[in-house]
Amino acid sequence: MIELQNVCRTFTVGDQQVAALRDINLRLDAGEYISIMGPSGSGKSTMLNMLGLLDRPSSGTYLLDGGNVSDLNDEQQARVRREKIGFVFQSFHLVPRLTAAQNVELPMILAGIPGEERKARVNVLMQNYGLSDRADHKPDQLSGGQRQRVAIARATVMNPTVLLADEPTGNLDRNTGWEVLKLLEGLLQQGITLVVVTHDGEIGARAQRQIHMLDGRVVSDESTQNDPK
Amino acid sequence: MKLADILQFASGSLRGSPTRTLLMMLAMSIGVAAVVVLTALGEGARRYVVDQFSSLGTNLVIVLPGRTETAGIGPGLMSGQTPRDITLEDAQALLRSRAIKRIAPLTIGSASLSRGALNREVVVLGSTSDLLEVRHMSIGIGKFLPAGDIHESASVCVLGNQMKQELFGNEQAVGQWVRLGDRRFRVIGVLASQGESMGMRTDELVIVPVASSHQLFNTTGLFRVLIEAKNRDFIEQTKHDAEEIMSQRHSGEKDVTVITQDAVLATFDRILTALTMAVGGIAAISLAVAGVLIMNVMLIAVAQRVKEIGLLKALGAPGKQIRYLFFAEAALLSGIGSVAGLLLGYTGSFVIGKVYPMLPVSPPWWAVLAATLTALGTGVLFSVWPARRAAKLDPVAALAGK
Ligand SMILES: Nc1ncnc2c1ncn2[C@@H]1O[C@H](COP(=O)(O)OP(=O)(O)OP(=O)(O)O)[C@@H](O)[C@H]1O
Ligand SMILES: [Mg+2]
């Protein structure tokens, strides 16, 4: 489904070149549950942004369903993000002036989905994630766990094929973190591909496929017999 | 993304920072209001002048003695003569022209007017019954000068409204006798109050038959002959005929000046329209200033909302859509700002109209249109750069708030 071939990403800081990703070769298949671990600065976030088309390789190729993504223009790439990819961030990234329901609705507004359908889909999701009574609350009136649940609802409202989560539990206490993780893992039943970047070995160990990174390289890529479902 | 959604999202972001939004709209609306009020004033001045001219009479052509020439030496000077008077016969001869509807000869002088112990120096006009029509005067009480033989020096007079008040107060004036110079006149009418028109206060006049005024001032010439052309299309013909008839009667010499009111009016009209446009243009500069303000504020908005823009991109908004969102914000700002400005401007014009009732203040449609379009135009134009800047943000850096 997604394939990275010899992907490098270097940042230019002043007159220095910082290599965030070095020669990455990776294949993600539909329905996989993948965790990416590694020390700080090892390139995990850069990798996730690359997978989510928020960043472009400095060299190498990104193949999506067999096609080269660098052939797509800005609008086509945006469309892929809109329809196939969901993001969950460590710091939630909710729009503060919008209510929980409006935040969930946002991707559908961008996609031009009619109002009634938007409302219906938001209602279903808010109910599934136990947020019905918080629908009209602004993000600053919600707890961390509730905010992350709103963010997950927003990331899944367009029924993406891939969900990319960058330390989704990083800003939450242990219990809330586990709840959020359970929610994400529940999506696997719908056949979603879940990629979770984490510092927490215990969380990372739950994935069937565990990738370790160091200094911009994939140092190990192991599959286990875990069945979190 | 649908247009309605774009507008709703944009208005949501505007409501998100109400102080900034209100200040921007204020700047925009003051600009629009300035254009509206200033052009309304200019237009009011123009109409005032036009009205003043038409209150003098319509299709008016005026004959005055002497040649006012701007270049060369006139024939009068060549032969060393002073210009010949225009006589009553000259005036009557003008009626030969088929273009002319009626004429009113005019003399002017001053004399002392008295009734009993009351005494006052007044301006005396000598004319005929047609003056009433030609000069658009209206009679309040009694009658105007009688029609009939132009040479008959009847001892009757018509008083201006204020003259009547000064001499008679609330008493009946018509039928009473007054003394003008060394001669007694019977009051046959009082003019309706007209106020000032082109510097001549008709309220303070005394009007007598032209022949009587000739006797009163011991002259034979006329100060002016007022001619009313049949209609607007006959004005040039009238002017031509008047010149021809007068020169025939003055043995071929062109020693009178014929002016048309239209020519004077057209000049004033042009000058005042140009003035109105200039003032409106200056006011429009404030709109450009408001445009720069909008740009400034939009740039701040882009900087403040970097994370939001990054998020929108991550959620699948292409650069084009982000650009539209910022355009929509600017368009809403300037749109609502101009509507408020129009309201403000019209209210202002209305108030000025109430304070100066003689000035017919009303904003010209072209200025209102131009102000609104300029406001919308500058708003959107000056948001091009901020919007492009937002659209070009790198999503990863934007999400990180960099
Ligand atoms: N925009 C940038 N400009 C310059 N260097 C960058 C940029 N983004 C990332 N880097 C560098 O790339 C490397 C990888 O960064 P990345 O954010 O992917 O690490 P990470 O594994 O996610 O770390 P952490 O666990 O702290 O989030 C780091 O050395 C970082 O300094
Ligand atoms: Mg990171």
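The values are calculated or read from the model by the stated rules, or taken from the named source; none is laboratory data. A quick note: this is a predicted structure, and the numbers were derived from the prediction, not measured. In this analysis, Cβ positions are derived from the backbone assuming ideal geometry, glycine residues included, and neighbour counts consider all displayed protein chains. Quick note on the areas: whole protein, heavy atoms, side chains included, nothing else; ligands and nucleic acids left out. Shrake-Rupley method; radii C 1.70, N 1.55, O 1.52, S 1.80 Å.
Backbone amide hydrogens, once placed in the peptide plane, bring residue B:108 within less than 5 Å of B:126, B:223, excluding anything fewer than 5 places away on its chain. Beta bridges from DSSP with both residues in the protein assembly as shown: antiparallel share about 70 percent, rounded to the nearest 5.
With the charge dipole of the protein assembly as shown set up from +1 on Lys and Arg Cβ and -1 on Asp and Glu Cβ about the Cα centre, the Cα lying farthest toward the positive end among the listed residues A:145, A:160, B:229 is that of A:145. Phi angles across the range A:208-216 convert, under the Karplus curve 6.51 cos²θ - 1.76 cosθ + 1.60 with θ = phi - 60°, into 3J(HN,Hα) values of 6, 10, 10, 10, 10, 10, 8, 6, x Hz, Gly and Pro given as x. Accessible area of residue A:23 (1.4 Å probe, protein heavy atoms only, ligands and nucleic acids ignored): about 80 Å². Calculated accessible area for the range A:33-114 comes out at 34 Å² per residue, all protein chains present (probe 1.4 Å; ligands, DNA, RNA ignored). Using C-alpha pairs below 8 Å separated by at least 6 residues, the relative contact order for the range B:84-254 is 33 percent. Surface calculation, 1.4 Å probe, protein heavy atoms: residue B:214 sits at approximately 20 Å² accessible.
When shorter helices are ignored and each DSSP H run of at least 4 residues is given -39500 (n - 2.57), the per-residue value for chain B at 222 nm works out to -18000 deg cm²/dmol. Full extension of the segment from residue B:347 to residue B:26, taken as 0.36 nm per residue of separation minus the current Cα-Cα distance, would add 114.0 nm. Taking all Cα pairs closer than 8 Å and separated by 6 or more residues, the relative contact order of chain B comes to 30 percent.
Under 5 Å from the amide H of residue A:90 lie the amide H atoms of A:166, each residue being 5 or more positions distant or on a separate chain, with H modelled from the backbone and absent for Pro and chain starts. Rolling a 1.4 Å probe across all protein chains gives residue B:216 an accessible area of roughly 40 Å². Assign one of three labels to the range A:52-149, namely rounded, prolate or oblate, based on the Cα gyration tensor with a ≥ b ≥ c the square roots of its eigenvalues; rounded applies when a/c is under 1.5, prolate when it is not and a/b is larger than b/c, and oblate otherwise. Prolate shape, in that a/c is at least 1.5 and a/b is the bigger ratio. For residue B:316, nonlocal amide neighbours, meaning residues 5 or more places apart or on other chains whose placed amide H falls under 5 Å from its own, do not occur. For chain B, the equivalent ellipsoid built from the Cα gyration tensor has semi-axes of 69, 25, 15 Å, listed from largest to smallest. For the range B:84-254, the alpha carbon convex hull comes to 114 Å³ per residue, rounded to a whole number. Estimated at 0.36 nm per residue, the fully extended path between residue B:89 and residue B:138 surpasses their Cα-Cα distance by 14.9 nm. Working from Cα positions, state the angle (0 to 90°, nearest 10) between the long axis of helix B:18-55 and the longest principal axis of chain B. Its long axis makes an angle of about 20 degrees. Taken across both chains, chains A and B shield about 2100 Å² of accessible surface from a 1.4 Å probe. Rounded to a whole number, what % of the accessible area of the range B:84-254 do carbon and sulfur atoms account for, probe 1.4 Å? So the carbon and sulfur contribution to the accessible surface is 45 percent.
The string of couplings for the range B:373-382 from the Karplus curve (6.51, -1.76, 1.60, θ = phi - 60°) is 5, 4, 4, 4, x, 5, x, 6, 4, 6 Hz, one whole number per residue in order, with x for Gly and Pro. Net charge dipole, the protein assembly as shown: roughly 580 debye, given to the nearest 20, about the Cα centre with Cβ charges of +1 for Lys and Arg and -1 for Asp and Glu. Have a look at the DSSP beta bridges in chain B and tell me what percent are antiparallel, nearest 5. Rounded to the nearest five, the antiparallel share is 80 percent. Run the reach check for residue B:354 against lysines, Cα to Cα strictly under 27 Å, same-chain hits fewer than 8 apart removed. What comes back? Leaving aside lysines fewer than 8 places away in the same chain, none come within reach of residue B:354. Per residue of A:107-113, other chain Cβ atoms within 10 Å of the residue Cβ number 6 on average. Count charges around residue A:108 for me, please; just the other residues with Cβ under 10 Å from its Cβ, Lys/Arg as +1, Asp/Glu as -1. Result for the neighbourhood of residue A:108: +2. In percent, rounded to a whole number, the relative contact order of chain A is 29, using alpha-carbon pairs under 8 Å and six or more apart. Scanning chain B for GluC sites (Glu not before Pro) in DSSP loops with at most 11 other Cβ atoms within 10 Å, what's the longest stretch left with none? Counting at most 11 other Cβ atoms within 10 Å as exposed, the longest clean stretch of chain B is B:172-402. The string of couplings for the range A:79-95 from the Karplus curve (6.51, -1.76, 1.60, θ = phi - 60°) is 5, 4, 4, 5, 9, 10, 10, x, 10, 10, 10, 4, 9, 6, 6, 8, 7 Hz, one whole number per residue in order, with x for Gly and Pro. Considering only beta bridges that DSSP places wholly inside the range B:84-254, some 75 percent are antiparallel. The residues of chain B present an accessible area of 48 Å² per residue when probed at 1.4 Å with all protein chains retained.
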